[in-house]
Amino acid sequence: MAKDVEVAENPGEFSAKDYHDPPPAPLIDVEELGKWSLYRALIAEFIATLLFLYNTVLTVIGYKSQTDPLKNADVCGGVGILGIAWAFGGMIFILVYCTAGISGGHINPAVTLGLFLGRKVSLIRALLYMVAQCLGAICGCGLVKAFQKAYYNRYGGGANELSDGYNKGTGLGAEIIGTFVLVYTVFSATDAKRNARDSHVPILAPLPIGFAVFLVHLATIPITGTGINPARSLGAAIIFNKDKGWDDHWIFWVGPFIGAALAALYHQVVIRAIPFKK
């Protein structure tokens with residue numbers, strides 16, 4: 001277990017702070033399978049991802065309906081891209097706040113992968129989280145289709161796709177960088193060293209995470225519709241179940257997973273230098 005000591009640059013201003021890094025999670029923890037806390041966390045991840053997709057996909061479909069030129073709608077009406085980005089970022093802020101104490105509030109297989117690579121969760125927990133998140137996303141999109149089937153089919157079901165004028169490389173790069181921003185923010189907002197060093201500055205971890213999702217959506221909605229969450233992309237593609245939803249679907253898995261792995265590597269090796277500590 002690594003031990004660091006933070007000494008204030010101005011000795012009279014802050015006192016020295018000791019802290020211990022939490023031990024890394026075991027790679028494979030079979031004992032977890034016998035604990036209720038694991039299954040409670042899985043239920044929390046399932047429900048959170050269901051609510052996330054339900055609210056955000058409804059927002060996307062509502063916006064497209066309000067600006068549909070075939071209905072002589074106001075093309076400048078609706079919530080716009082800014083409102084869609086707020087829906088995604090705001091829901092992540094709310095749901096991470098609600099579930100952080102139960103499951104860690106991942107709500108995203110890419111975040112789970114990044115935290116697994118950072119040895120924050122075991123392999124068993126990570127895999128089960130991903131399954132729960134994907135099932136939650138499918139059910140969330142299913143609820144949207146059940147309530148608004150005509151609009152759902154007419155306006156694309158909130159499925160991610162590569163926009164016209166962008167090639168696969170651009171879409172992949174957007175997903176990698178967007179997910180890097182998100183997962184790097186997750187690591188920074190939950191860093192034990194940061195909390196010890198900056199204890200005089202209260203940081204509500206869900207807030208920067210929600211803002212990261214919001215800002216990434218502003219940047220990448222015009223390119224890919226913004227995936228950065230394989231469960232979100234999978235749920236919409238399965239329920240919409242048309243070619244558009246599956247075209248280039250691999251981008252929305254490969255990109256987020258690469259971005260998450262790079263963020264975990266950068267934070268653990270460069271920012272925290274954990275491999276170099278005694």
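Remarks
- For the stretch 29-87, the solvent-accessible area with a 1.4 angstrom probe is 53 square angstrom per residue.
- Of K168/K242; K168/K193; K149/K244; K35/K242; K71/K168, pairs whose Cα-Cα distance is over 29 Å: K168/K193; K35/K242; K71/K168
- What you get for the chain, charging only the Cβ of Lys and Arg (+1) and of Asp and Glu (-1), is a dipole of about 380 debye around the Cα centre.
- If you run the Gaussian network model on the chain, springs between alpha carbon atoms under 10 Å, then out of A231, A126, A150 the most flexible one is A150.
- Here's the picture: charge each Lys and Arg Cβ at +1 and each Asp and Glu Cβ at -1 in the chain, and of G90, F52, V269 the one pushed furthest to the positive end of that dipole is F52.
- Per residue, the stretch 96-213 exposes 43 Å² of accessible surface when a 1.4 Å probe is rolled over the protein heavy atoms with every protein chain present.
- With R₀ set to 22 Å, the beta-carbon distance separating W36 from F211 gives a calculated FRET efficiency near 0.05.
The values are calculated or read from the model by the stated rules, or taken from the named source; none is laboratory data. Just so it is clear, the structure is predicted and the values come from calculations on it, not from any experiment. Because the Cβ atoms are built from the backbone with ideal geometry, glycine has one as well, and the counts that use them run over all protein chains shown. Side chains included, ligands, DNA and RNA excluded: accessible areas come from the protein's heavy atoms. Shrake-Rupley method; radii C 1.70, N 1.55, O 1.52, S 1.80 Å.
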